[in-house]
Structure formats: structure tokens, C-alpha cells
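Worksheet for the structure shown next.
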Amino acid sequence: MGIFTKLKKPSTMSLGLLMIIGIIMGVILWGGFNTAMEMTNNEEFCISCHEMRDNVYEEYKETVHYNNASGVRATCPDCHVPKEWIYKVKRKIEASSELFHKALGTIDTKEKFEKHRLEMAQRVWDTMKSTDSRECRNCHEEMSMDFEKQGRRAMNRHSEGLDENKTCIDCHKGVAHQLPAGIKN
């Protein structure tokens, strides 16, 4: 009896074997997928290409998100990759276009990077605006803000922003990276 004949009329044993093999393959594929997701979700991976390492990473090292009194550091994925699985997958798919542009050399020099900086920043800002600055809120909660401990200007601006339903990125565009030329925060 040929294999195709057996597949047309599988026995209970072969159905069970197929299910077991399917489950094992599913676990292996799922584990591999999640492992790849996590391997690409750290600062070392993000700055492994010189476009990030030599440009925005150097800027970030001069900010409060990198070095501060509390010793808490926000890394690239903390701000640019959602924690929730479905949104993380969506962001990783979007990031494939970044890999495509890396291969094309779209931003492989400082000059090219600066030429595209506003476009890239605007894309990030639009995403953050559309998600109500979800990644900021992973660390910063308005309900936990003690306005009395903030400076007068920060206290007033935060109160106004909350009253006007603004989101973090509306006011904090230059918090971790230099603003593109001609943009004021």
C-alpha cells in the first residue's frame, strides 16, 4: 500500500501520529518565532547597525532616559516596541521596511540620515500619537505623577496637557533624540 493511499484513508494510529507531529512542530515553530522576537528586542540588536549606533544612539546617551539619578534606563525597545504581543508583532513587521532600507543604503551616511531624519521622526511621532504614547506609559503613569514634586513649569504644563487631552509625544518630541532641523519642541 502506497503512502498516498494511506493518507487518503488514515488509520486512527496514523491520525494520532500526525496530530502529535503537528503539535511538536507547532511548539518548535512557536518557540523559534518567540526566540527570534526576543533576540531582536534589545538595545544591542538595535545599535548593531551603524546607522543607529552612530546617530540616534549617541544622542540618546546624553539624555535622562540613558543616565539619571534613579539608575533606571529606558532602552530602544522600551520606547519603540510595544510590550503587548500583538502590537509587538505588528511593530516587528513594520521594522522589516527598515531592514529593506538598510539594504538599499537609504541612511547609511550621516548626511543621508539627516536628510531623512524628519520623515523617520514624524513616522514615530504619528505612531506614538495614535497609541496615546503607549510606550511612554509603560513607565510613566499620570496617576502616579506627584505634581507638587515637579517644578512649577512642569506642573503647569502637565496639568494643561491632561486638561487638553494631549499625549506625551505632543510635548516631549525631543526627549531622547535630537529634533530634526527646523522642528521646535
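T106 passes every criterion in (1) within 25 Å of L179 (Cβ to Cβ); (2) touching a residue at least 24 places away in the same chain (Cβ under 8 Å); (3) not in a helix (DSSP H, G or I); (4) not aliphatic (A, V, I, L, M) apart from (2).
Candidates in the range 123-148 are the residues that are without any contact (Cβ under 8 Å) to a residue 12 or more places away in the chain and outside any loop (DSSP other than H, G, I, E, B); of these, the one that is surrounded by the fewest Cβ atoms within 10 Å (Cβ to Cβ) is M143. Here the helices (runs of 4 or more DSSP H) wholly within the range 1-51 that include at least 1 residues being modelled with pLDDT of 90 or more, aliphatic (A, V, I, L, M) and over 30 Å from S96 (Cα atoms) are 12-39.
Among the residues of the range 60-89, those identified as in a helix (DSSP H, G or I) and either surrounded by 14 or more Cβ atoms within 10 Å (Cβ to Cβ) or in contact with a strand residue (DSSP E or B) (Cβ under 9 Å, 6 or more places away or on another chain) (or both) are Y60, C76, P77, D78, C79, H80, Y87, K88.
Table: residues versus (1) part of a loop (DSSP other than H, G, I, E, B); (2) at pLDDT below 90; (3) among the β-branched types (V, I, T); (4) within 21 Å of E114 (Cα to Cα).
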| position | (1), (2), (3), (4) |
| --- | --- |
| M155 | no, no, no, no |
| D170 | no, no, no, no |
| V175 | yes, yes, yes, yes |
| N185 | yes, yes, no, yes |
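For the range 112-161, what are the residues that are among the aliphatic types (A, V, I, L, M) and under 24 Å from D78 (Cα atoms)?
We begin by selecting, within the range 112-161, every residue among the aliphatic types (A, V, I, L, M); these are 118, 120-121, 124, 128, 143, 145, 154-155.
Selection gives L118, M120, A121, V124, M128, M143, M145, A154.
The values are calculated or read from the model by the stated rules, or taken from the named source; none is laboratory data. Just so we're clear, the structure is a prediction, and the values are computed from it rather than from any experiment. Note that each Cβ is placed from the backbone with ideal geometry, even for glycine, and that neighbours are counted across all protein chains shown.
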